[in-house]
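A quick write-up on the structure given underneath.
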Amino acid sequence: MKKFFPVYVRVPLLFGLFFAIIEWLGGGTLSEPAFMKHPMLIVLFALFLFALIAVEVVSAATNKVLDRLMTSEERAEKERLAAIPFTESPWVKKLLKKLTRSKAIEEEKELLMEHDYDGIKELDNELPPWWVGLFYATIIFSVIYLLRYHVFEGDNQIVEFEKAMAEAKEQVEAYKKNAPDMLTAEQARYLTDAGDLAAGKQLFDTNCAVCHRTDGGGSIGPNLTDDHWILGGGVKNIFNTIAEGGRPGKGMVPWKTTFKPAEIEKLTSYVISLNGTTPVEPKAAEGDIVWSKAELEDAEGTDEMDADATEQE
């Protein structure tokens, strides 16, 4: 076999097979191979590669020594066997004979059937074992299939697909709820953490203060400290206004292409925190929608009271 699989083929092939098996057993993926999760596997791969190379070196050295110790007749026999085609190798012939149960030409007289059609005779050969085994396997498979899907009403491919899609949809929804960069206006919350508000303030000072002033009193844009809102107050409305932009032609651009949803949530929270403050030069109130931060805080207080009452019950 060595002449069909030289050393430069054997070593990479065996190492690749070993690598694939260990990766599979170690739960590796394309994004995170097992040897990255378990660095000790690198040592195992290195040892296996070293062992492969050592075996090849020792085997080559042993063959050279044995070749020198051979007689001329033994060397000639070795060369004769090496020159035999792969399909004519003794072990290949033996394997094919077992798989096909074929008879030699000299034995065909024993297989001849009595009938004769215009000098054409038929041999009573046995069916090949591989064919018989495959035939029995199909019978066993058909019985299992019949019981599984027609007797016990197992899930067919359509039902399995629908279940898989429903499970995937649930996983996607769960991911969207927990992934900060997948937030929507419906999922956004009013953040009160000092770090979140500081991040929102930095975004506001850098991008929004030019139109609304640093203290939110308003300039080109409306006053953000009073209770009057053009497009509505509250987390959902303010989040949506920042993300999608203001009224057409009024200069407020959609910031969703610049900010991530998590950043818009922080910016929304900071804008809400400005409500009720006193700017240096407040702009006159604009908008017919009246909303104040107090409504949000009252709603949160009510939710907390309901939760406490539920726990007491």
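The values are calculated or read from the model by the stated rules, or taken from the named source; none is laboratory data. Remember, predicted model here, so these are calculated numbers, not experimental data. Virtual Cβ from ideal backbone geometry, glycine too; neighbours counted across all protein chains shown.
Computed quantities for the displayed model
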| quantity | calculated |
| --- | --- |
| Filter result (closer than 14 Å to LEU231 by Cα and either exposed (fewer than 14 other Cβ atoms within 10 Å of the Cβ) or in contact with a Phe, Trp or Tyr (Cβ under 7 Å, 6 or more places away or on another chain) (or both)) within segment 273-294 | GLU286, GLY287, ASP288, ILE289, VAL290, TRP291 |
| Test: residue in segment 153-174 that is of a type in the set (Lys, Arg), touching a helix residue (DSSP H, G or I) at 6+ places or on another chain (Cβ under 8 Å) and at pLDDT 90 or above | no |
| Residue within segment 181-200 that is of a type in the set (S, T, N, Q) and exposed (fewer than 11 other Cβ atoms within 10 Å of the Cβ) present | no |
| Leading residue by the ranking (nearest to the chain's Cα centre (by Cα)) among those in segment 221-242 that are surrounded by fewer than 21 Cβ atoms within 10 Å (Cβ to Cβ) and of a type in the set (A, V, I, L, M) | VAL235 |
| Any hit, segment 211-222, residues being touching a residue at least 40 places away in the same chain (Cβ under 8 Å) and within 18 Å of THR257 (Cα to Cα) | no |
| Some residue of segment 200-216 being touching a Ser or Thr at 6+ places or on another chain (Cβ under 7 Å), under 24 Å from ALA174 (Cα atoms) and of a type in the set (A, V, I, L, M, F, W, C) | no |
